[in-house]
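Remarks on the structure that follows.
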Amino acid sequence: MTISVIVPCYNEEESIPIFYEAMEKMNHQLREDLEYIFINDGSKDRTLAVLRQLSKQDRKVHYLSFSRNFGKEAALYAGLQHAAGDFVTVMDVDLQDPPELLAEMKAMLDMNPELDCVGTRRTTREGEPPIRSFFANLFYKLINKISQVEMVDGARDFRLMRRPMVDAILEVSEYNRFSKGIFAWVGFKTEYLEYKNVERVAGETSWNFWQLFNYSLEGIINFSDAPLNIAFLGGILSWILAFILMMVIIVRTLVFGDPTSGWPSLMTVILFIGGFQLLTIGILGKYIGKIFMETKHRPVYVIKEKSKSST
Ligand code: UDP
Ligand code: MG
């Protein structure tokens, strides 16, 4: 029974050796048959050199190296496609996903054959800017309201899955990949381990606020068509409003004559409707953009180099 450990790396030359040490130390007790699949996601530092060296030292270490930065989602997908294990886990290299939890996750799966996946959930967001936590909470509230799939607040990508679930995830071959949603979408019985937030061991996060904002938009657009309803509902609402106003104006003119006035109110209405139309066209555009990328059928990633041992 092999466990494949998938590790996306972007500019992580410092973290990789620390991660590897920690994993090996942990596995000293766990004594599982591990294989590592590191994905170099177009790093600009010495990540690839570190990986080459590591895979020379240890036959269990495989690596894939992308031709440029394709993003963590692409790296995860590549890792899942190349994993051969009966169990597969996905981990960040910065030790924000504590290796000690792996033993507990494996034990839970061994104890309960009904269970397909053990995920992890951060109960605190210590060390994170408050504004980031605020928007994260907002995102989970919103997405769970407007989407069919249920995404657990604070759930990380760090999880241990059985093979059937991995195969199901690989079946979802869409170009616009939002893994948190895909993990939830495929279903399967998942339980969550809770732990306190851990800070990065080395290097720094590659996400800024706008990237996270866009990432959450991805999630909403990929897993819900509720925003499209905004146009529809807004349209109906303003139509009803316009009808009532028209009646009021007709009656007023018949009864009181027609004093010419109301330029400011006219401008407000024009601006309101104009803005609303742009908004809805924008929403439509977002979905069309997704369709456009999807219909090109481009590969999710391009591999430039891989370790000899990897399949
Ligand atoms: N990562 C990646 N490609 C990217 C950005 C990040 O493979 O374009 C990897 C990164 O090396 C790390 C994991 O994804 O192993 C999580 O990234 P990070 O720690 O920067 O995110 P955070 O934990 O702050 O959400
Ligand atoms: Mg991190």
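Points to keep in mind about this one:
- Rounded to the nearest 10 degrees, the inclination of helix 226-256 to the longest alpha-carbon principal axis of the chain is 10 degrees.
- Each 5 Å bin from 0 upward holds the following percent of the Cα-Cα pairs of the range 52-174: 2, 8, 14, 18, 21, 17, 12, 5, 2, 0.
- Cα-based helix-to-principal-axis angle, 100-111 vs the chain, degrees rounded to 10: 90 degrees
- If you look at the Cα atoms of the range 117-248, you get an Rg and a Dmax of 19.1, 67 Å.
- Straight-distance candidates among the lysines for linking to residue 290, with alpha-carbon spacing under 24 Å and chain neighbours fewer than 8 residues away dropped: 72, 141, 145, 180.
- In terms of overall dimensions, the C-alpha atoms belonging to the range 223-311 reach 88, 21, 16 Å along their principal axes, ordered largest to smallest.
- The chain: angle of helix 72-82 to the longest principal axis, Cα-based, in degrees nearest 10: 40 degrees
- Calculated from backbone phi, Karplus (6.51, -1.76, 1.60) coupling profile of the range 18-24 in Hz, x at Gly/Pro: 5, 4, 4, 3, 4, 5, 5
- The calculated FRET efficiency for residue 103 paired with residue 196, based on their beta-carbon distance and R0 = 25 Å, is about 0.90.
- The value for the chain of Rg(Cα) / (2.2 N^0.38 Å) is 1.29.
- Amide H contacts of residue 5 (H built 1.01 Å from N, in plane; Pro and chain starts excluded): 35, 36, 37, 89 sit under 5 Å, all sequence-distant by 5 or more or on other chains.
- Dividing the summed -39500 (n - 2.57) terms of all DSSP H runs of n ≥ 4 by the residue count of the chain sets its mean residue ellipticity at 222 nm at -17500 deg cm²/dmol.
- Label point distance in nm, residue 67-residue 237, each placed 7 Å from Cα along Cα→Cβ: 4.7 nm
- The modelled label-to-label distance for the pair residue 206/residue 32, using points 7 Å beyond Cα in the direction of Cβ, is 2.5 nm.
- With the largest listed first and rounded to whole Å, the semi-axes of the equivalent ellipsoid of the range 1-81 from the Cα gyration tensor are 21, 14, 10.
A short reminder: the numbers here are calculations on the coordinates, not readings from a lab. Quick caveat, the model's predicted, so the values are computed rather than measured. Because the Cβ atoms are built from the backbone with ideal geometry, glycine has one as well, and the counts that use them run over all protein chains shown.
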